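Novice: Quick one: this structure, given as structure tokens, is what I'll be asking you about.
What follows draws every value from the coordinates through simple rules; no lab data is involved. Everything numeric in this text was worked out from a predicted model, so none of it was measured.
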Amino acid sequence: MASRTAVSSLALLLLALLVSCAVMSTAARRLEEEEAPKEEDEFPPHLPMPELPVPEHELPPFPEVHLPRKPELPPFPEVDLPPKPELPAVPEFHFPEPEAKP
């Protein structure tokens, strides 16, 4: 059986937890009810952006690229493989027919 001090400390811990939960819910409710200040009033409205002139010019020609030829690969060697073994046949399985109940 639990000792008296353990039971009393457990009861005190549960009471402290209950009080802290009540205080936290009250604080959260107060924060939700408060009206948040609007940040929009602090800053002036945006000024219109001027359009920047786009210079008209032609792109330079793309340079020609001269790559070396790809080397020819030698043909693959012929490989003599042993004949492929045949897989053993899997026996067919049929579920037994249920017996008729009299």
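Novice: Which ³J(HN,Hα) values in Hz, rounded to whole numbers, follow from the phi angles of the range 17-27 under the Karplus curve 6.51 cos²θ - 1.76 cosθ + 1.60, where θ = phi - 60° and Gly and Pro get x?
Specialist: 5, 5, 5, 5, 5, 5, 5, 5, 5, 5, 5
Novice: Can you run the Rg to Rh ratio on the chain? Use alpha carbon positions and the Kirkwood inverse-distance Rh.
Specialist: 1.47
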